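The values are calculated or read from the model by the stated rules, or taken from the named source; none is laboratory data. In this text the structure is predicted, and so the values were computed from the model without any measurement. Every residue, glycine as well, gets a Cβ built from its backbone with ideal geometry; the counts of neighbours run over all protein chains shown.
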C-alpha cells in the first residue's frame, strides 16, 4: 500500500470515535457542554441584570399606577414599555457572551493548549452554539417575565409577543455575529465589549442620522441596528414605514425648509434577509480571521 | 528525501530543513532533527533561540516558512499538513509556553474536556483525571478553581493536560518554569518514569542542568540554528573541557583567598588547560569549590589523589553534567565556530 493510501486509511479510521460517531461532532458537542459550564457565571450575571431591568420598569409602572395614571387599554401598549430597551439589553448580553469568544484565546494564550487538540472550526461552532443558547435563554426569560406581568394585569396573553420574541432572538443572532466579528479583530475581551457598545450607542446612531439628512430617503437596510426596530414595530406595523420630518421654514425660526425621511422599521422580508445576511457574513468573516490569526507572542 | 520513505521504525518525528521567518526576522533556520521511539530528546538553548517556535511548528500552531515536519502514522513517516494534523498529532501531547487556563474552572473540568477532545474513553475519564492529578501531586486541588493557583501549580496542570490522553509522544516546552526545586525534581522524576513506560519525550529548556539530567540526546539551538545534536557523552567528548565540583571538610571562614591560592598550586598543573583558562572559585553559600579542567578522566583522578595527598579532606568530588554543556554551549556559540555571522 502506498504512503498516500496509508495516510487516507489512517484519516478515515481516525474519524470514528469509540462511540462510532465522527470525531468532529463529538468535539463540537464536548466544546458545547464545556462552554456552557465556562460561561455559566456570565449567564447568571446577565439573568440578574435582566431581572433588575424588568424590576425597574415594573416599579416605574407601579408608581404611575399609584399616581392614578390609568393603565393602557391595549395590553400591547403595556408590554412594549418593557421592550423599549430591548435593543440595549441585547447588545449588552451579546457583548458579554460573544466578546470573549475569539479574543480570549489570544489575550490569555489559551490557544496553545487548545489548538493541538481541536481544530478552530469545531471550537468556533461549539462556542457559537453554546453562548448563543445562553444569550437566547436570557432573552426568553425576559420575555417570560414581561408576558407574565402582562397576563397578571390584563388576564390575557397577546400571542403576537411570541412573534416579537422570534424577531428578538433573530436580531440577537445578528448582533452576536457582529460582536463575534469584533472579537476576531480585537486583542482583548474588554476592548471587544467596549467597542461593541460604542458602535451600538454612537456609531450606528450617527450613521442613521446622517442617512436621514443626506441619503435622500434611502432605507438604511445595511445598518444592523435598523433591524432592531421590528422587535417592537411588529405589534403594530406602521404604514408607511417611514415618517417625514420638516425643519426650518417660517414656522420654525426661518431659513430654508428641510424635509428628511426617517425610517421606522424594516418590513418582515427585509428584516429576515438583512439579519440573516449579517449573521452569515459576519460569522464567516470572524472565522476566516480566527483561522489566520496567530497568537500575540509571534511577531 | 528518499531516505524518509525507508521503513525506519525507530524514528517517530523528523524535522527537515525546518525554517520560520517573521518578516525579516528568522526565528528558526534549517533545523534538521530526528526523535526516536522511547528516547528523551532535550532541546537546549537560551531564551529567544527558537525552541518554542520549533515546537509550535511541530504542533501545527505555526506553519513553517520552509521545510517539513514528518510524524509517524500507520507505520510510515507522513508529512504533517493541515488536512492530516488531527490524525498525526492525536498521539502527541503538547505543553507549549506558559499554559493559560480559564480561572473560574477547576482542573477536573478542564482536564476532562481536554481528554474528551482527544477521544479518551469516557468510562475511564474520571479515573484518568484523578490519576494524572495524583501524579502531579495535586489531588487536594482537583476541585479548586484555577485562579487560586500559583504559577508553578498552573505549570503542573499544563503538564497534566499534555499527558491526560496518555500519548506516546510528549512535547514539553520549559516544563519546569516557575517551579520550586522540589517540584523541578518531581518533574524530572516524572519524565524518567515516562521513559520507563516507553514514552518518547521532546523537552525544551534554557536550564542546562534540567536537560542534562534526563535527556538521552541533546540538541543545542542558538539563534534559530541547531549547533549540536548528539548524546551527552559525545557532546562531553566534543567539549573536551569540564568543571569539577568539590567540597572540603571545614573550609576556612576567613582568608579564603589564600586557601584558594594553596589549591591552585596543587590543582593547576593537572588541569590540562592553558594557563589563561585555569580558574578555581568558591561559593560561600553552597561551600562548593569549582575548578576548570580538560575533562579527561585521568586528570580528574590525579587531581583527586593529589588533593588528598596534600591533606585536603575531600567530602564531595564530582563532575556535574551541566558544567560540560555550559562550556560546550559557550564554545559553540563563540563567533566563528558556528558559521553564524556576528
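Of all the residues in region B:45-57, those that are more than 9 Å from chain A (Cβ to nearest Cβ) and within 12 Å of residue B:171 (Cβ to Cβ) number 4. Inside region A:162-188, residues that are over 24 Å from residue A:107 (Cα atoms) and either modelled with pLDDT under 95 or surrounded by fewer than 17 Cβ atoms within 10 Å (Cβ to Cβ) (or both) make up a count of 3.
Does residue A:184 fit the bill of being free of Cβ contacts under 8 Å to residues at least 60 places away in the same chain and either within 14 Å of another protein chain (Cβ to nearest Cβ) or part of a helix (DSSP H, G or I) (or both)? So residue A:184 does not fit the description; no. Listed by position, the strands (runs of 3 or more DSSP E) enclosed by region B:177-247 that each have at least 3 residues that are within 24 Å of residue B:14 (Cβ to Cβ) and at pLDDT below 90 are B:225-231. Looking only at residues of region B:248-259 that are touching a strand residue (DSSP E or B) at 6+ places or on another chain (Cβ under 8 Å) and part of a loop (DSSP other than H, G, I, E, B), we find that the one that is surrounded by the fewest Cβ atoms within 10 Å (Cβ to Cβ) is B:249. Restricted to region B:78-90, and to residues that are in a helix (DSSP H, G or I) and surrounded by fewer than 24 Cβ atoms within 10 Å (Cβ to Cβ), which residue is nearest to the other protein chains (Cβ to nearest Cβ)? Filtering first and then ranking leaves B:87.
Of all residues in region A:103-135, which are part of a helix (DSSP H, G or I), farther than 24 Å from residue A:190 by Cβ and within 13 Å of another protein chain (Cβ to nearest Cβ)? Within region A:103-135, A:121, A:122 qualify.
Considering (1) more than 27 Å from residue A:28 (Cβ to Cβ); (2) touching a helix residue (DSSP H, G or I) at 6+ places or on another chain (Cβ under 8 Å), the lone condition that residue B:120 does not fulfil carries the number (1). Restricting B:166, B:180, B:173 to those that are touching a residue at least 24 places away in the same chain (Cβ under 8 Å), within 18 Å of the chain's Cα centre (by Cα) and more than 23 Å from residue B:53 (Cβ to Cβ) reduces the list to B:180.
You will find that of A:79, A:123, A:83, the residue that is closer than 27 Å to residue A:164 by Cα and more than 17 Å from the chain's Cα centre (by Cα) is A:79 and no other.
For region A:27-52, the tally of residues that are without any contact (Cβ under 8 Å) to a residue 40 or more places away in the chain and buried (at least 16 other Cβ atoms within 10 Å of the Cβ) stands at 2.
Counting only residues that are under 21 Å from residue A:144 (Cβ atoms) and at pLDDT below 95, region A:1-38 holds 0 of them.
Taking the listed residues B:289, B:329, the one that is surrounded by 12 or more Cβ atoms within 10 Å (Cβ to Cβ) and modelled with pLDDT of 85 or more is B:289, with no other qualifying.
With the requirement that a residue be assigned to a helix (DSSP H, G or I) and in contact with a helix residue (DSSP H, G or I) (Cβ under 9 Å, 6 or more places away or on another chain), what does region A:213-228 give you? Scanning region A:213-228 gives A:224, A:225, A:226, A:227, A:228.
Taken over region B:91-145, the criterion of being more than 9 Å from every other protein chain (Cβ to nearest Cβ), surrounded by 20 or more Cβ atoms within 10 Å (Cβ to Cβ) and assigned to a loop (DSSP other than H, G, I, E, B) is satisfied by B:136 alone.
Restricting attention to region A:271-294 and to residues that are within 14 Å of chain B (Cβ to nearest Cβ) and part of a helix (DSSP H, G or I), the residue that is nearest to residue A:102 (Cα to Cα) turns out to be A:290. Taking every residue in region B:27-44 that is within 14 Å of chain A (Cβ to nearest Cβ) and pairing it with any residue that is in a strand (DSSP E or B) and surrounded by fewer than 24 Cβ atoms within 10 Å (Cβ to Cβ), at least 6 positions away or on another chain, the pairs with Cβ-Cβ distances below 9 Å are B:27/B:19; B:27/B:20; B:27/B:21; B:28/B:19; B:28/B:20; B:28/B:21; B:28/B:67; B:28/B:225. Restricting B:263, B:270 to residues that are over 30 Å from residue B:36 (Cβ atoms), free of Cβ contacts under 8 Å to residues at least 40 places away in the same chain and either surrounded by 14 or more Cβ atoms within 10 Å (Cβ to Cβ) or under 19 Å from the mean Cα position of the chain (by Cα) (or both) narrows the list to B:270. Residues in region B:11-58 that are within 18 Å of residue B:208 (Cα to Cα) and part of a helix (DSSP H, G or I): B:51, B:52. I'd like to check something: does region A:195-206 contain any residue that is touching a residue at least 24 places away in the same chain (Cβ under 8 Å), within 14 Å of the chain's Cα centre (by Cα), buried (at least 18 other Cβ atoms within 10 Å of the Cβ) and in a helix (DSSP H, G or I)? Yes, region A:195-206 has at least one match.
The residue that is nearest to the other protein chains (Cβ to nearest Cβ), among those in region B:59-77 that are in a strand (DSSP E or B) and buried (at least 21 other Cβ atoms within 10 Å of the Cβ), is B:73.
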